[in-house]
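Have a look at the structure below, then the notes.
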Amino acid sequence: MISHSGEQPPTGSAIDRLQNARQGILDELSKVIVGQQEVIDELLICLFSRGHCLLEGVPGLAKTLMISTLAKTLNLFFSRIQFTPDLMPADITGTEVIEEQQGTGALQRRFMEGPLFANVILADEINRTPPKTQAALLEAMQERQVTVGRQRHPLGDPFFVLATQNPIEQEGTYPLPEAQQDRFMFKVQVDYPSFQDEFEVARRTTSRGQPQVNPVLSGADILELQDLVRSVPVADHVIRYALALVRHTRVGTEGIPEFVSNQVGWGAGPRAVQFLVLGGKSRALLQGRVHVTIEDIQKLARSVLRHRMVVTFAAQSDGITTDDVIQRLLNETPTTENELTQDARFKKIFAS
């Protein structure tokens, strides 16, 4: 079978390499992190899809520890940036300095790289820094470069940003605008651990000894696996399903259900479709398949869509969240090709 791009789909040996890489990373993470399997899987999907990830959760859920431990499993240059209200763009991008050449005494400009010049970036508490510093990070995420003065400085590859934010403290924070959150492939909610997992956390973290985490993948390995993900074929009806979910969120589009018009302020853009399909490819390979299924799209819908939609004030007052809207969309969107293309609602949506 040939993919739509004309590329040969991944072979069994290629799939085995990706699954072995995943298992190796999980084995190393399990030395430090207890539970959070779904969160870790989504981080890996994001990594192999060449995306960036935003993690949100209350303090103490090991978000920072999870990211820093993941970085240790990758033989890459890791940089942690603790975002604070006084952090300036130059503090993360770098700055130009004037220095004197030895011997000649001539003055010259030299660019001193900031902490963004790494392969894996932990942007800790990104909502605690002013918008202009957030914007500097977001330029790096989207363009994979930083601009200082009139000079553009390309960043290395791979380049993976993992940002965290605390949803419960509002004083002294600068929430990321929705348009800037759109740069993140996933927004992952980190929940409280189960009783058994929390028991194990208490047992491990109050004992002596520090586990040694070993690197599993090199930069060249990651780039090769990222290319492998993009060669996975996707059937047209799976793409149509992803389009149906995303276009269903757009208020004012003919054919959308009444509850969307009442509960959603504005919906997701085209980048949501791209990330649903790309994430589906990565998940399929990690599951040992060479084709994307409807289930892959459904499993990633919340992480892709929750930060690309805004519910109305009235919906918020009733306790309705974007996750609630997404779940209802999943329940009401047909999964088979015939039902999807013959449904009168979706005929209008696809024609608009």
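Coordinate-derived values only; no laboratory data. Everything numeric in this text was worked out from a predicted model, so none of it was measured.
Structural remarks
- Relative to the longest principal axis of the Cα atoms of the chain, helix 219-230 runs at roughly 20 degrees.
- For the chain: lysine pairs under 14 Å (alpha-carbon distance), excluding those fewer than 8 apart on one chain: 4
- Cα-based helix-to-principal-axis angle, 294-305 vs the chain, degrees rounded to 10: 60
- Summarising the strand pairing of the chain, around 40 percent of its internal DSSP beta bridges are antiparallel.
- In order through segment 15-31: 3J(HN,Hα) via Karplus (6.51 cos²θ - 1.76 cosθ + 1.60), integer Hz, x for Gly, Pro: 4, 4, 4, 5, 5, 5, 5, 4, 5, x, 5, 4, 4, 6, 5, 5, 5
- Nonlocal amide H pairs with PHE83, under 5 Å, H built at 1.01 Å: ASP124
- ³J(HN,Hα), Karplus 6.51/-1.76/1.60, whole Hz, each residue of segment 71-84, x for Gly, Pro: 4, 5, 6, 10, 7, 10, 6, 10, 9, 10, 10, 8, 6, 9
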